[in-house]
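First comes the structure, then the notes that go with it.
Read-outs throughout are calculated quantities, based only on the coordinates presented, and are distinct from any laboratory measurement. Since the structure is predicted, the reported quantities are computational estimates derived from the model, not experimental observations. Positions of Cβ are backbone-derived with ideal geometry, glycine not excepted, and every protein chain shown enters the neighbour counts.
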Amino acid sequence: MTKKPVRKMIAFITAVFTLVVMCGLPAVAFAWNGDITKEETVYVVTDSTGTQEDVIVSDHLVNKSNVKTISDETTLSDIENVKGEETFKQKGDSLTWDAEGNSIYYQGKTDAEVPVTMDIVYRLNDRIVSGSELQGQSGKVEIRIHYENNAEYEGTTVPFVVMTGLIVTDDSFKNIKISKGKVIDDGEKLLVVGMAAPGLAQTLGIGESELGFGSTVTITGDADKFAVEDMMTIVTNAFFEDVDADSVDLDYDDEIKQLDKGSKALVDGSDQLYEGLDTLADNMPELKKGVGQLKDGSDALKKGTNDAKKGAKDLADGAVELSKNIKDSLQEIEGYLKQSEKGTAEIKTGLGTLKTGIDSAESGLGQVETNMLDASEKLTKGAGYSDTASNAITAADGQIDAADGEINSALQSLEQGTVDDVTYANIKASLEAAMENTAGAKSYTAGAATAVAATKQTQEGYAVALGDEGQLYGGVDAVKTGLSDASVSLEKQIIPGITSVDNGLTQLITGINDNLSEKSKLSQGLNSLTKGTSDLSNGEVKIAEGASGLADGMTQLNDKADTMVNGVYQLDKGAYKLRKGMSQLYKEGIKKIVELYNNDLKGTLDNANSLLDAGKGYKTFTKLPSGMDGNVKFIYKTDMTN
């Protein structure tokens, strides 16, 4: 097959798809997901009887993600790249294309039989002729094309739609009619398209006449030197590929059951309606009495809603006052917190000063103890010195007394002696001076004795002042113990206690501040409460107005109770007729629909689900790699001249 017939077929396809749109047939749309999709076109060349002669397959690998390497599978031979320079490697049925980000267009050949075959019969004036014999002849022409669908997917016939067309460019074929299809005259040429769906009716389990078209297309017309040479056919399952079988619900079991159940319930309901209305009619006198009582109740309701309106207003006023009190309390709490923070700061400062004082007292007490030891030692030594001095004074007094005695003796000897006057005067003067000296010494020793006595008195005073040494030291120890206990208490109890108080106060402040930080929300809540109570008050006003209107309406209802009673009687009669009509509708209508579905239609709908699955499942004539999506269509060129 040359490229020229291929281009000719492509041109014809364009014309046929134009016809499809003009005829209102479903549009063929290809929307595939994934990185690579395979769009396959199978070109089939047949002779005039529809017998397959040659098959060329064109594959388009759509590279949406511009990948560099494409893995494909195929059963074709004589493969060639028809739109680029990309190369491939083949191993068995596997192809690896060096795509370099491009889409790939390639062709190949196969001897496999296509899934839909054709059998074409030509008649001229009711006589069977060949396609070549028909050329150039005149008369009544009939072309009968029968299609056989041999493709299955998971046991179900693939739902192919077949469109076969002729293009007549002159007056050699006129008055054309087609069994299933259309003839379009655009003023320059005639476009004749027939449509078939081979095997579709059989798969659905119905007749081709019920489906509306089937496996055969018949074209008739008047020939004047018949000159149509080629017939083109498109076979595709794309009409079904784009239908989401999962979204098409062809199972109506639940709906039919619901219809049957609902219609029965409707019949029962009409019976109950009639019985209810009949009972209502019997009780209309009581109903009329009840309307009167309802009127009295609506009057009471009117009074109660007026009272509620007043209560709602009081509630709104109370909410406003509550909001004000809460806001004032919050402000007082904030003031107390600030004072508490200041007080704890002062307590912590005082504790520091107290601890410093205790430390100083302990230090001073230690110095007192040292001084006491020194004083005790000095008193002991002083006592010894006093005793020595006293002894020395006593000895000096004795020596002085002795000296006085010797001086007196010397004076007596002088008086008795025979010395000259000068010597006598000198010795006497010396002795008198000695006497004066001893007198001075005596005075000195007397003063020394006095001093020693005073010293002893001082020592005794110190002893009295110091008292019992054990008691003094005991007092000092007691003071030290007291200061130590005070220090320990300060460290372990007072300071931790005030710290705990401070921490607790800090947590309290933090907690309250956290709550106070929500003041805006609390304020909003209070505002909402105020507004809500205000709205409630307004609502109660509306309720009161509504209750007043209800009371007025009940007055009118009471006035028209007689009219209502008459209406109920009429309803009772109508319900009786409805009851009879619903019973007849179920027996003669709904029941038959249910039986028709269960006996005739249910199997057809089950087959339709399988048909949709087969239409979506058939994606290639040659081969498709696992995970790759694809689609396929078949284009037949029938040479009517051989």
Report task. Please find the FRET efficiency linking Asp374 to Ala402, where r is the Cβ-Cβ separation and R0 is fixed at 35 Å, and quote it to the nearest 0.05. Result -> 0.25
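Which number comes out as Rg/Rh for segment 87-126 once both Rg and the Kirkwood Rh are worked out on C-alpha atoms?
1.34
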**Report entry** Solvent-free Debye scattering, log10 I(q)/I(0), computed from the Cα coordinates of segment 59-161 at q = 0.11, 0.21 Å⁻¹
**Finding:** -0.62, -1.04
**Report entry** Per-peptide average of other Cβ atoms within 10 Å, ordering 144-152, 169-177 highest first
**Finding:** 144-152, 169-177
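Using the Cα centre of segment 65-172 as the reference point, and only Cβ charges (+1 on K/R, -1 on D/E), how large is the resulting charge dipole? Debye, rounded to the nearest 20.
Numbers: 9 positive and 20 negative charges, 47 e Å.
Approximately 220 debye in magnitude.
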Query raised in the report: When the chain is fully extended, how far beyond the present Cα-Cα distance does Asn175 get from Thr69, taking 0.36 nm per residue of separation?
Result: 32.6 nm
Query - Glu321 paired with Asp639, simple spin-label distance in nm, labels 7 Å along Cα-to-beta-carbon - result: 11.1 nm
Query - Kirkwood Rh, Cα atoms: Rg over Rh of segment 118-184 - result: 1.07
**Report entry** Rough spin-label spacing in nm, given labels placed 7 Å along Cα→Cβ, for Thr353 and Ser484
**Finding:** 2.9 nm
Requested in this report: Loop only per DSSP, at most 16 neighbouring Cβ atoms within 10 Å: give me the GluC sites (Glu not before Pro) in segment 60-114, ordered by residue number.
Outcome: Glu85, Glu100, Glu113
Query raised in the report: So what's the convex hull volume per residue for the Cα atoms of segment 90-209, in Å³?
Result: 219 Å³
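For the peptides 398-408, 631-641, what is the packing order when you average, over each peptide's residues, the other Cβ atoms within 10 Å and list the highest mean first?
Per-residue mean Cβ counts within 10 Å order the peptides as 631-641, 398-408.
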Query - Inter-label distance for Asp328 and Ala433, nm, one decimal - labels placed 7 Å from Cα along Cα-to-Cβ - result: 11.2 nm
Report summary line: Taking 88-95, 126-133 and ranking on average Cβ neighbours within 10 Å, highest first, one gets 126-133, 88-95
